[in-house]
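Working notes, structure below.
Nothing in this text is a laboratory measurement; each read-out follows from the coordinates by a stated rule. Note that the coordinates shown come from a computational prediction; the quantities given were computed from them, not determined experimentally. Quick reminder, even Gly has a Cβ in these numbers, built from the backbone with ideal geometry, and neighbours come from all protein chains shown.
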Amino acid sequence: MAHNPLSSWFANLLEIHDHMQTLNLLTDPDLKKFAAQSPATLLPSDLLKRNLSQFCFTQFGQHVPDTAFSVTTFSDLNDVLSPTLHLITRAVLMGAAIEHDQKYSAMTQTALGKQLSAAVFDTAAVRGKLFDTLDGLLPTSFFPTDGTASQAFDQLLTTANRTIDQAIDAIYA
Amino acid sequence: MNTLPRTVLLACLATAALQAQAHNCIHQPNLDLSAGQVKFEIAPTFPSLVPIQYLRIGLGPIKVLATNGDWWKDIANYEVLVDKKPVPIGALGLTRDEDTAFLTFPPGVLTNGRKVDVRIAAMQGTQWFCGWQTTPLAITGAAPIDGSIGASWVPQQALTSGAKRDVGHLDIQLEDKSLVAKSPARIYLKGTGTISTDGKDKSSSMVGTLGAEFAPLHTWYLPIQFENKVTADQILANVSNVSSAGMRTIFPWRWVAALLFNNAIKAPQSPELDLSAQFERRIQQDAASMKKFMDPNAFRLYSEFNWTPIHLFTGKGYSANDLAVEFAGKGWYLPHQRNGAGRSFDRLEGLAEISVLFPVGALNLPIFQSGDKASATSTAAKQRIRFKYSLGANESTGFKHVSQLSIGVEAVK
């Protein structure tokens with residue numbers, strides 16, 4: 001397969017980010033800060049909204065319903081257009097979990113999300129491998145890898161009573 | 001339904017074949033379509049702007065896991081049940097990354113209140129595996145026609161006879177946003193009316209509009225609109241037909257960043273430009289209208305320009321408390337006008353408006369406060385004083401020229 005949906009999610013966000021800099025100069029140049037900006041603020045008129053809709057349609061073959069603009073952030077908007085970042089990330093974690101232990105293949109993704117992350121990723125080796133996988137899929141502004149990032153990630157997964165769904169939220173917090 | 005972009009080989013899937021596959025497949029948890037992965041939506045297509053109704057299927061999470069078993073390339077089958085009965089799929093479209101699928105259906109399949117189940121199937125080796133939604137999706141917001149009707153009572157309404165009296169109004173609005181499903185342009189029909197209990201009511205009106213719009217440029221959104229509007233009062237004493245053509249757009253704005261987005265001036269968005277041409281044919285006129293409009297035909301070109309907001313002397317920041325200016329301009333070209341002496345002339349008119357907005361948050365005027373007194377300080381809206389200077393022709397007064405300075409206080413939410 002040519003691409004992973006997780007990297008594709010960020011590739012789409014990156015292109016939207018680039019186009020938004022053509023539409024509104026208040027668009028933050030930093031991708032992560034842009035992801036937290038409000039579509040209502042940066043796209044205050046119907047002309048601006050439709051311009052972005054057409055861009056998404058011609059660039060990604062993506063349909064943009066008018067309701068997509070009534071979300072809080074551009075990250076949410078991208079979640080409306082693509083399968084959500086949370087769901088795709090959970091699928092990546094599930095892939096890693098299955099590779100680590102085949103018993104997880106019988107589980108639905110929803111059920112895996114409720115498992116404790118420390119129990120599923122129970123060795124330093126599997127956590128390290130997952131770190132490398134995410135490093136390959138996520139932009140550095142969302143997933144810093146310098147300094148003590150790998151230790152912080154390890155700690156994030158091993159925090160007591162933290163479910164996989166909660167761990168995913170912590171990754172993007 | 002309009003043709004979807006990147007529609008691939010899977011159009012017009014045979015439901016019977018899918019049923020057979022679904023019946024023989026093994027449920028695979030990883031093909032689960034969790035909550036949020038199947039949505040019903042309506043969105044415009046480009047360049048026609050014709051809205052289409054579709055089911056959005058988010059395949060990303062499935063694809064991530066499919067990499068392990070290489071199933072993805074064979075996820076080729078969808079079965080859709082509406083109220084538990086299989087329905088034929090009109091077309092399947094995919095996004096560029098193939099992480100999202102769009103299923104469209106013949107008209108009348110996805111209507112309000114119906115419950116939709118989506119199943120997908122994928123082959124691994126010679127065995128079919130399948131997955132489905134955990135809960136059916138209820139369709140809402142699918143009505144193709146918007147409408148409203150309301151009654152009101154109006155005291156002392158002015159009549160064409162010059163008298164005034166209390167009248168009742170019935171206000172009707174009806175809109176079909178897309179008359180034709182497969183069309184190179186969105187064709188729409190709108191009707192609005194105010195029917196009065198007194199036929200001489202000056203405010204009675206009936207307006208029927210048939211229009212078409214599309215956005216022909218692939219690279220930039222530039223909608224072009226053609227419209228024909230028939231307006232009349234309710235006793236048909238005045239009937240006119242207005243045909244118009246126009247376009248609206250904004251400009252790519254990144255290239256002006258150095259010039260118009262710096263510490264001295266910040267204009268983050270492009271101005272909006274509107275150009276249109278109108279031809280009006282007065283089909284029926286009463287005496288009062290004849291006096292005002294001697295020529296039954298009128299042609300005009302119209303342009304409008306709005307540029308807002310422009311913040312000044314902001315330094316590095318940008319906020320609602322900045323000093324700001326706004327520009328608005330209008331222009332008219334009306335050929336073959338006649339003056340009082342009956343002489344024909346071409347008229348070119350313009351109106352320019354500039355507003356300067358001073359932030360005055362410290363005033364904290366009670367009128368802009370909301371909530372109880374205790375929280376008034378924290379919930380007070382920011383305020384600003386607007387100095388507005390207008391120079392040029394006023395359309396509503398027959399293009400009389402004005403030069404006017406107005407001052408107002410307004411809240412900034």
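Quick notes
- In order through the range A:59-68: 3J(HN,Hα) via Karplus (6.51 cos²θ - 1.76 cosθ + 1.60), integer Hz, x for Gly, Pro: 7, 10, x, 9, 8, 10, x, 4, 5, 5
- Of A:Arg162, A:Arg50, A:Arg127, the one that fluctuates the most in a GNM where chain A has Cα springs shorter than 10 Å: A:Arg50
- For B:Gln133, the amide hydrogen comes within under 5 Å of the amide hydrogens of B:Leu33, B:Val118, counting only partners 5 or more places away or on other chains and with H modelled in the peptide plane.
- Principal-axis tilt of helix A:124-137 within chain A, Cα atoms, nearest 10 degrees: 20 degrees
- B:Asp176-B:His401 FRET efficiency (beta carbon distance; Förster radius 35 Å; 0.05 resolution): 0.25
- Length gained on full extension, A:Ala125 to A:Thr110, computed as 0.36 nm times the residue gap minus the Cα-Cα distance: 2.9 nm.
- Rounded to the nearest 0.05, the FRET efficiency derived from the C-beta distance between B:Asn394 and B:Arg254 at R0 = 41 Å is 0.65.
- Charge tally for A:Thr163 (other residues, Cβ to Cβ under 11 Å; Lys, Arg +1; Asp, Glu -1): +1.
- Global form of the range B:238-412, assessed from the alpha-carbon gyration tensor, a/c cut-off 1.5: prolate
- Net charge, B:Leu81 excluded, C-beta distance under 13 Å - Lys, Arg +1, Asp, Glu -1: +2
- Partners of A:Lys103 within straight-line reach, counting lysines whose Cα lies under 16 Å from its Cα and excluding those fewer than 8 residues away in the same chain: A:Lys114.
- Residues with amide H under 5 Å from that of B:Val50, placed H, sequence gap 5 or more: B:Thr45, B:Arg186
- The helix-based estimate of mean residue ellipticity at 222 nm for the protein assembly as shown, built from -39,500 (n - 2.57) per DSSP H run of four or more residues and divided by its residue count, is -7000 deg cm²/dmol to the nearest 500.
- Among A:Leu77, A:Leu47, A:Leu13: highest mean-square fluctuation, GNM of chain A, C-alpha pairs under 10 Å: A:Leu47
- Counted charge near A:Ser150, where neighbours are those whose Cβ lies closer than 15 Å (Asp, Glu -1; Lys, Arg +1): -2
- Unsatisfied cross-links (Cα-Cα over 24 Å) in the set B:Lys164/B:Lys330; A:Lys32/B:Lys316; B:Lys39/B:Lys85; A:Lys49/B:Lys39; B:Lys190/B:Lys400; A:Lys33/B:Lys266: B:Lys164/B:Lys330; B:Lys190/B:Lys400
- Space enclosed by the convex hull of the alpha-carbon atoms of the protein assembly as shown, per residue, Å³: 211 Å³
- A simple spin-label model places the labels of B:Arg338 and A:Ser150 8.9 nm from each other, with each point 7 Å out along Cα-to-Cβ.
- Cα gyration tensor, the range A:5-81 - rounded (a/c under 1.5), prolate or oblate: rounded
- Chain A: angle of helix A:5-23 to the longest principal axis, Cα-based, in degrees nearest 10: 30 degrees
- Once backbone amide H atoms are built at 1.01 Å from N, B:Asn77 has B:Ala121 as its partners under 5 Å, excluding neighbours fewer than 5 places away on the same chain.
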